[in-house]
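Each remark here refers to the structure printed beneath this line.
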Amino acid sequence: MATHALEIYLQDHLAGSVAGRELAARTMPDLALEIEEDQIILETLMNELGIKPTRAKGLALWLAEKLSRPKQPEGLFALEMLALGIQGKMALWRALKQIADSEPHLGALDLDHLIDRAQRQFDEVERERVRKADQLFGGEHVLQYG
């Protein structure tokens, strides 16, 4: 069984993934499928650790995402929130990698792959965010990755 701190941490990330999946479904549908896969990985891990998801947190984040829709200029803010969520997910995988030796259930996860995938997802969203900002506000920006 996981510690109480780990339980809360994973529940919070699962709740955040609900909002992230919704944002991605609206802005980058292909990415939403990957986010859903990551969410399933997290849910499976939580199940193996005996951690139950808290519905209230997920519902609150889902509702906040829904209420923020009318204020978003052409999806730019949604892309920014999605990028932040992916950075949070990357931080989750990195934190889990730090404790992998002391938690046997983490050994089944390819955390390096999950970290790399989150970085690729972030880069993809960032390219779209910059493109959208250029479209809305004008200007030329050159981004370099790697």
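The values are calculated or read from the model by the stated rules, or taken from the named source; none is laboratory data. Quick caveat, the model's predicted, so the values are computed rather than measured. So basically every Cβ, Gly included, is an ideal-geometry build from the backbone, and we count neighbours across all protein chains shown.
Report yes if ALA25 is hydrophobic (A, V, I, L, M, F, W, C), part of a helix (DSSP H, G or I), modelled with pLDDT under 90 and in contact with a helix residue (DSSP H, G or I) (Cβ under 8 Å, 6 or more places away or on another chain), otherwise no. Spelling it out, ALA25 is indeed hydrophobic (A, V, I, L, M, F, W, C), part of a helix (DSSP H, G or I), modelled with pLDDT under 90 and in contact with a helix residue (DSSP H, G or I) (Cβ under 8 Å, 6 or more places away or on another chain).
Of all the criteria given as (1) assigned to a helix (DSSP H, G or I); (2) at pLDDT below 85; (3) more than 24 Å from GLU126 (Cβ to Cβ), the one not satisfied by ARG69 is (3).
Among the residues of the range 77-98, is any among the polar types (S, T, N, Q) and either at pLDDT 90 or above or outside any helix (DSSP H, G or I) (or both)?
Yes; the residues of the range 77-98 include at least one that is among the polar types (S, T, N, Q) and either at pLDDT 90 or above or outside any helix (DSSP H, G or I) (or both).
Looking across the range 107-132, just one residue is modelled with pLDDT under 90 and of a type in the set (A, V, I, L, M), and that is ALA108.
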